[in-house]
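The values are calculated or read from the model by the stated rules, or taken from the named source; none is laboratory data. A quick note: this is a predicted structure, and the numbers were derived from the prediction, not measured. With ideal geometry, Cβ positions are generated from the backbone for all residues, glycine too; neighbour counts draw on all protein chains shown.
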């Protein structure tokens, strides 16, 4: 794989993309190869693994919980050339989903869940960002589908790097496009027991509308003054914040 591609052409990952190539407010650019986001690498091929290592991935951060990992192990775990970290977000709704029991309510609000996670999982955010700041080479971070927990971490990385909100939101929302084939298989299975109208009620749990990310970013700005200030509130020191930004910014 070559640098300069946003979506990575891998056989076993459909939602893998590089966070490089975004302009920053101080006139710089996020660095290709620094951070890659994806869904769980549970179906990647040997060719994919070699491609990721050749791309410079040396650290993998799995944001899933223990039960999810046990059910669908990461095929990047155990490779001696990769520094693998398990940093679970420990979100109860995700734990339910891992057991096939989506905690659905009529007015399910994913953006509110993101805000709740940002407020209640600050130690998790601190742990993940500390690993990234201290990493050598490229970092791949993933959750199950690569959209919610992964989307939060991606937004924080890009926000701290100084990327524009419009680009952060666009990076988040493109998961719908990349995951469309996966969604179709899920919905086809759901159609065996549900009507289309019933399935529509579950869409907020799956989809990544731009407003979800806009609301999270607005909350961070209104409450803390911005992403970097929020990260300070999570316990990240100035040295770690500097290393984190240096990791993300192209020379």
Report summary line: Exactly one of 131, 139, 166 is surrounded by fewer than 21 Cβ atoms within 10 Å (Cβ to Cβ), modelled with pLDDT of 95 or more, at negative phi and touching a strand residue (DSSP E or B) at 6+ places or on another chain (Cβ under 8 Å), and that one is 131
Requested in this report: Could you please find all residues in the stretch 52-75 being assigned to a loop (DSSP other than H, G, I, E, B), touching a strand residue (DSSP E or B) at 6+ places or on another chain (Cβ under 6 Å) and under 20 Å from residue 6 (Cβ atoms)?
Outcome: 56
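A quick yes/no check of all residues on (1) within 30 Å of residue 203 (Cα to Cα); (2) in contact with a strand residue (DSSP E or B) (Cβ under 9 Å, 6 or more places away or on another chain); (3) at pLDDT below 95:
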site	(1), (2), (3)
40	yes, yes, no
50	no, no, no
92	yes, no, yes
105	yes, no, yes
108	yes, no, yes
Query raised in the report: Does residue 185 qualify as being part of a helix (DSSP H, G or I), over 12 Å from the mean Cα position of the chain (by Cα) and without any contact (Cβ under 8 Å) to a residue 12 or more places away in the chain?
Result: yes
Requested in this report: Go through 151, 146 for me and flag whichever is under 30 Å from residue 50 (Cα atoms), touching a residue at least 40 places away in the same chain (Cβ under 8 Å) and assigned to a helix (DSSP H, G or I).
Outcome: 151
Requested in this report: Hey, can you tell me all the residues within the stretch 220-239 that are surrounded by fewer than 18 Cβ atoms within 10 Å (Cβ to Cβ) and either assigned to a helix (DSSP H, G or I) or in contact with a strand residue (DSSP E or B) (Cβ under 9 Å, 6 or more places away or on another chain) (or both)?
Outcome: 221, 222, 223, 224, 229, 232, 233, 238, 239
